[in-house]
Amino acid sequence: MPTVLITGANRGLGLEFVRQYAAAGWDIVATARQPESARELRHIASDHSNVSLRELNIANDESVQDFADELDGKPIDVLLHNSGIYPREGQTIGQIDYHGWQNAIETNLFGPIRLTEALLENVAASERKQIAAISTSMASLRGVQGGSVGMAGTSYQYRTSKTALNMAFSILAKELEPRAISVVMIDPGWVKTDMGGSHAQLTPEQSITGIRQVLAGDPKEISGKFIGYDGVVRPW
Ligand SMILES: NC(=O)c1ccc[n+]([C@@H]2O[C@H](COP(=O)([O-])OP(=O)(O)OC[C@H]3O[C@@H](n4cnc5c(N)ncnc54)[C@H](OP(=O)(O)O)[C@@H]3O)[C@@H](O)[C@H]2O)c1
């Protein structure tokens with residue numbers, strides 16, 4: 001069975017990825033900042049021998065390097081960058097919270113790039129060679145121009161960090177093409193999690209079922225694209 005590595009696997013979409021890939025029999029490296037307090041994830045891991053639980057903070061160089069050393073060359077078929085933060089404070093001009101903005105860039109942009117650098121050879125050593133980043137429709141410039149600021153909120157920190165993630169992963173897709181490594185960006189939809197809130201449209205089960213279907217397609221076909229959980233390509 002292939003191996004999937006999931007960041008932020010202790011709650012929200014990450015936890016649902018673990019549930020579904022575990023049920024499908026995949027080998028899972030499930031990572032969390034604080035695995036000792038990840039109650040539900042520990043419960044799943046205790047029921048499934050194919051789930052291993054590891055500590056990882058993608059915003060911390062040392063944590064990423066220690067983690068990569070621990071993996072010791074283990075092949076990773078699908079590297080799933082799921083972790084993310086959504087700063088809520090200082091979202092209007094005149095009140096911008098630069099500290100929150102830096103955190104968003106550190107976690108939502110540098111985190112996935114830093115982890116990709118550290119685990120590139122693990123992905124290259126696998127059969128599937130696939131890297132996926134969970135982005136958002138809020139990253140879309142066309143969405144802003146089409147007037148969605150009112151709906152989605154200004155959210156400077158979150159939106160710019162994810163737009164930059166899309167740019168970085170588009171470049172990565174090109175850079176890694178000669179090594180047959182596929183890189184895709186995914187919009188999970190608006191989902192009921194701590195981040196999405198209780199009014200969101202989708203359950204984690206619906207979103208992740210769709211994303212798994214997208215990822216199960218030919219990795220080469222989807223590389224460099226920004227695709228929704230529903231399989232529809234999103235505008236940049
Ligand atoms: N929910 C939505 O409607 C929605 C819509 C579009 C995109 N997304 C994206 O989908 C992904 C998952 O979102 P979610 O809704 O599941 O959010 P969530 O419920 O807030 O969970 C976020 C996860 O990211 C982890 N995380 C945060 N900073 C981290 C770091 N430095 N290192 C490692 N892990 C870190 C959190 O760990 P802790 O528990 O330790 O904080 C948690 O596991 C995110 O990238 C988000 O931007 C979500």
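The values are calculated or read from the model by the stated rules, or taken from the named source; none is laboratory data. Nothing here was measured: the structure is a model prediction, and the numbers come from that model. Cβ coordinates were reconstructed from backbone atoms using ideal geometry, including for glycine residues, and neighbour counts include every protein chain displayed. Only protein heavy atoms, including side chains, enter the accessible area calculation; ligands, DNA and RNA are left aside. Shrake-Rupley method; radii C 1.70, N 1.55, O 1.52, S 1.80 Å.
Quick rundown of the values:
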item: Given charges at beta-carbon only (K, R positive; D, E negative), |dipole| of the chain in Debye; result: 760
item: Accessible area in the full protein assembly, largest first, 1.4 Å probe, for V233, V144; result: V233, V144
item: On Cα atoms only, tilt of 111-124 relative to the major axis of the chain in degrees; result: 30
item: Charge-dipole axis of region 88-227 as Lys and Arg at +1 and Asp and Glu at -1 on Cβ define it, positive-most pick from I105, A164, T116; result: A164
item: Extended-chain gain in nm, criterion 0.36 nm per residue less alpha-carbon gap, R39 and E121; result: 26.4 nm
item: Virtual spin-label span in nm between Q65 and N50, 7 Å along Cα→Cβ; result: 3.5
item: Cα centroid separation - region 141-215 against region 1-80, whole Å; result: 20
item: In Hz, Karplus ³J(HN,Hα) per residue of region 91-101 (6.51, -1.76, 1.60; θ = phi - 60°; x = Gly, Pro); result: 10, 10, 4, x, 9, 4, 9, 6, 5, x, 5
item: Count, lysine Cα pairs under 29 Å in the chain, 8 or more residues apart or across chains; result: 16
item: Given charges at Cβ of Lys, Arg, Asp, Glu: region 3-228 dipole, positive-most of M185, G94, P219; result: G94
item: In region 142-229, chymotrypsin sites (Phe, Trp or Tyr not before Pro) in a DSSP loop with at most 12 other beta-carbon atoms within 10 Å; result: none
item: Region 71-197: C-alpha gyration tensor shape, a/c 1.5 cut-off, then a/b vs b/c; result: prolate
item: Structure-based [θ]222 nm, the chain - -39500 (n - 2.57) summed over DSSP H runs of at least 4, per residue, nearest 500; result: -12500 deg cm²/dmol
item: Cα gyration tensor, the chain - rounded (a/c under 1.5), prolate or oblate; result: rounded
item: Cα-based helix-to-principal-axis angle, 204-216 vs the chain, degrees rounded to 10; result: 60
item: Area accessible to solvent at T154, 1.4 Å probe radius, in Å²; result: 60
item: Contour minus Cα-Cα distance for E175 and N103 (0.36 nm per residue); result: 23.3 nm
item: On Cα atoms only, tilt of 61-71 relative to the major axis of the chain in degrees; result: 30
item: For W26, solvent-accessible area (1.4 Å; no DNA, RNA or ligand), Å²; result: 40
item: GluC sites (Glu not before Pro), loop per DSSP, at most 10 other Cβ atoms within 10 Å - longest free stretch of the chain; result: 128-236
item: Gyration tensor verdict on region 1-105 (Cα atoms; rounded if a/c is under 1.5, prolate if a/b is larger than b/c, oblate otherwise); result: prolate
item: Antiparallel bridges, percent of DSSP beta bridges restricted to the chain (to nearest 5); result: 5
item: Which of R212, R88 is most accessible, then next, and so on - probe 1.4 Å; result: R88, R212
item: Listed residues K162, K220 arranged by accessible area, highest first, probe 1.4 Å; result: K220, K162
item: Per-residue SASA entry for I28, accessible area with 1.4 Å probe, Å² rounded to 10; result: 0
